[in-house]
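Before any comments, here is the structure.
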Amino acid sequence: MYCTRKVKEDLIWVGGNDRRLSLFEGVYSVPHGVSYNSYLLLDDKTVLFDTVDKAVGKIFFENLEHELNGKKLDYVVIQHMEPDHSATLCELLLRYKDVRVVCNTKTQTMIKNFFDMESSIHLVKEQDSLNTGKHTLRFYMAPMVHWPEVMVTYDETEGTLFSADAFGTFGALNGALFADEVDFEQDYLSEARRYYTNIIGKYGVQVQALLKKMEALNIKMICPLHGFVWRSNLEFYIQKYKKWSSFIPEETCVLIPYASIYGNTENIADIVSCRLQERGIKTVMFDVSVIPASEIISAAFRYSHIIFASATYNAGIFVSMEELIRDLKSHNIQNRTIAFIQNGSWAPASGKLMKEILTDCKNMTFIEETITVQSSAKEEQEIEIEAFVNAVATTINIP
Ligand code: FEO
């Protein structure tokens, strides 16, 4: 049976939730599921904003049919062609033969590439508008937030921004549709950050360009393609996006990801973490062999400092740490203070190699002091450890 929610009197959420997906995009764990949002505007002309992933196709078509209630579907606006939003477009076009696809030229090419089928296209470009009766929709291109064809739609009549992937979050909608129906900051902000940093985080410049366009609009509501609709306290989330997209840390804190084979690298990471905490400096530790990279990437965007501690392995960096560091680099991590701890039983090299990977990231401050452990930390290394902790502490102004 259909399961929809009203966003406004004439705007209905007709999406679906997937709570059994183990890896979103085949990479990111989604222990709390994910929602695929689609919105139906019931104006003189009916407009659907994006379709959904194939996993929720059945409920989506039930929802759509119920809410159309016999009306014709006039337009489907395709803001993003990634299959988590477009996989059911082909079936939509088969079911609703008269629907016109509103999209830009890049999307048009992608539709052909994905589906190899003809459709009735209404092409739009930057700031073109579409009147549907009471509503005037205006389209703004948002390339690389998260794919090159992405655009957002601003409903000038209501002040509603259909924001595509931007302002989304991981996590299924569990009855609550609006962010103000849950304790977002306590229960969802960390998943919103993990979603942003891993999915869009690399494209900070492009997100800033979208935020700039948004500043000129009188936005009263944000309808993203994943997660909650925002109808109040929009500024809270917009400010988070401003910070994340400019790679400004949210908190002064030392993140310590460590890769330890037999516990000795973990031991030195623990010692350093204790010494920093004794000085009143907040630290967070992650075992990179256990914790999914997406969580550590999210933490790296959140915190100001990172100490990478890794065993040397096959004369290189330990595998899970090397993957993490390359992943961080491809997410464009920048503007952080970085230090290294290396371990090696006969030829420690991981510190130098980790630095080499990160060396051309933008605005990084590398702390000169390092710690080298040969198999296990020794009490005679206290001075070396103290010097390392001092060097990190001097870059932090504790109030
Ligand atoms: Fe939710 Fe970029 O797709």
remark   = Relative to the chain, whose Cα atoms define the longest principal axis, helix 57-68 and its Cα axis are tilted in degrees, nearest 10, by 40 degrees
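Around Ser273, with a cut-off of 12 angstrom between Cβ atoms, what is the net charge of the other residues, counting Lys and Arg +1 and Asp and Glu -1? Could the numbers behind the result be given before it?
Details: positive: Arg275, Arg279, Lys282; negative: Glu266, Asp270, Glu278.
Cβ neighbours under 12 Å give a net charge of 0.
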ask   = Out of the DSSP beta bridges found with both residues in the range 254-393, what percent are antiparallel (nearest 5)?
value = 10 percent
inquiry  = Net charge around Val99, counting only other residues with Cβ within less than 15 Å of its Cβ (Lys, Arg = +1; Asp, Glu = -1)?
reply    = -2
Solvent exposure of the range 1-101 as accessible area per residue, Å², 1.4 Å probe = 43 Å²
ask   = By how many degrees, 0 to 90 and rounded to 10, does the Cα axis of helix 382-393 deviate from the longest principal axis of the chain?
value = 40 degrees
ask   = Across the range 318-327, in residue order, what do the Karplus-derived ³J(HN,Hα) couplings come to in whole Hz, using 6.51 cos²θ - 1.76 cosθ + 1.60 with θ = phi - 60° and x for Gly and Pro?
value = 4, 3, 5, 6, 4, 4, 4, 5, 5, 5
request  = Answer rounded, prolate or oblate for the range 191-337, using the Cα gyration tensor with square roots of eigenvalues a ≥ b ≥ c: rounded when a/c is under 1.5, else prolate when a/b is larger than b/c, else oblate.
outcome  = prolate
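How do the peptides 200-211, 46-57 rank, highest first, by the average count of neighbouring beta carbon atoms within 10 Å per residue? Don't jump to the answer; show the numbers that get you there.
On the way: 200-211: 19.6, 46-57: 23.6.
In descending order of packing, they fall as 46-57, 200-211.
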inquiry  = Under the rule of at least 5 residues apart or a separate chain, name every residue whose amide H is placed under 5 Å from the amide H of Val7.
reply    = Ile12, Trp13
inquiry  = Amide H of Ser38 versus every other amide H placed in the peptide plane: which residues, excluding those fewer than 5 positions away on the same chain, fall under 5 Å?
reply    = Val14, Gly15, Gly16
Accessible area (Å², 1.4 Å probe, nearest 10) - Cys90 = 40 Å²
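Please calculate how many Å² of accessible area the range 151-207 carries per residue, with a 1.4 Å probe and no DNA, RNA or ligand atoms counted. Please list the in-between numbers first.
Details: 1560 Å² over 57 residues.
Normalised by residue count, the accessible surface of the range 151-207 is 27 Å².
Counting heavy atoms of the protein chains only and a 1.4 Å probe, report the per residue accessible area for the range 223-374 as a whole number of Å². Could the numbers behind the result be given before it?
Numbers: 6170 Å² over 152 residues.
Normalised by residue count, the accessible surface of the range 223-374 is 41 Å².
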task = Keeping the other protein chains in place, figure out the carbon and sulfur percent of the accessible area of the range 254-393, with a 1.4 Å probe.
result = 48 percent
message = Less than 17 Å apart at the alpha-carbon level, and either on another chain or at least 8 residues along: which lysines does that give for Lys329?
response = Lys202, Lys352, Lys355, Lys362
key: Rounded to 10°, Cα long-axis angle of helix 264-278 versus longest principal axis of the chain   = 90 degrees
ask   = Most mobile of Glu250, Glu158, Glu215 per a Gaussian network model of the chain (Cα springs, under 10 Å)?
value = Glu215
task = Run the numbers on the chain and let me know its relative contact order in percent, using alpha-carbon pairs under 8 Å that are six or more apart.
result = 11 percent
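Could you work out the local net charge near Leu130, counting Lys and Arg as +1, Asp and Glu as -1, over the other residues with Cβ closer than 11 Å to its Cβ?
Its environment carries a net charge of -2.
Provide the three semi-axes, in whole Å and in decreasing order, of the ellipsoid equivalent to the chain as defined by the square roots of 5 times the Cα gyration tensor eigenvalues.
Numbers: eigenvalues 436, 80, 65 Å².
Equivalent-ellipsoid dimensions as semi-axes: 47, 20, 18 Å.
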request  = Provide the per-residue ³J(HN,Hα) series for the range 70-86, in order, calculated from phi with Karplus coefficients 6.51, -1.76, 1.60 and θ = phi - 60°, each as a whole number of Hz, with x at glycine and proline positions.
outcome  = x, 6, 7, 8, 8, 9, 10, 8, 9, 8, 8, 8, 4, x, 5, 10, 10
query = Remind me, relative contact order of the range 43-166 in percent, using alpha carbon pairs under 8 angstrom and six or more residues apart?
reply = 23 percent
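Take the solvent-accessible surface of the protein heavy atoms, probe 1.4 Å, and return the percent of it on the range 1-125 that carbon and sulfur atoms account for. Provide the component values of the computation, followed by the final result.
On the way: 2940 of 5830 Å².
In the range 1-125, the share of accessible area belonging to carbon and sulfur is 50 percent.
Indicate the gyration tensor shape class of the range 147-236 (rounded, prolate or oblate), computed on the Cα atoms with a ≥ b ≥ c the square roots of the eigenvalues: a/c under 1.5 is rounded; otherwise a/b larger than b/c is prolate and the rest oblate. Before the final figure, lay out the partial values.
Numbers: a/c = 1.78, a/b = 1.15, b/c = 1.55.
Judged from the Cα gyration tensor, the range 147-236 comes out oblate (a/c at least 1.5, b/c at or above a/b).
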request  = Give the long-range amide H neighbours of Ser289: residues separated by 5 or more places, or on another chain, with amide H under 5 Å away, using H modelled in the peptide plane at 1.01 Å from N.
outcome  = Ser260
message = Among DSSP bridges having both ends in the chain, what percentage is antiparallel? Round to the nearest 5.
response = 45 percent
note = With only helices counted (DSSP H, runs n ≥ 4, each -39500 (n - 2.57)), the per-residue ellipticity at 222 nm for the chain, to the nearest 500, works out to -9500 deg cm²/dmol
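The values are calculated or read from the model by the stated rules, or taken from the named source; none is laboratory data. Please read all numbers here as calculations on a predicted model, not as lab measurements. Don't worry about glycine lacking a Cβ; one is built from the backbone with ideal geometry, like all the others, and counts go over all protein chains shown. Side chains are part of the model used for accessible areas, which takes the heavy atoms of the whole protein and leaves out ligands, DNA and RNA. Shrake-Rupley method; radii C 1.70, N 1.55, O 1.52, S 1.80 Å.
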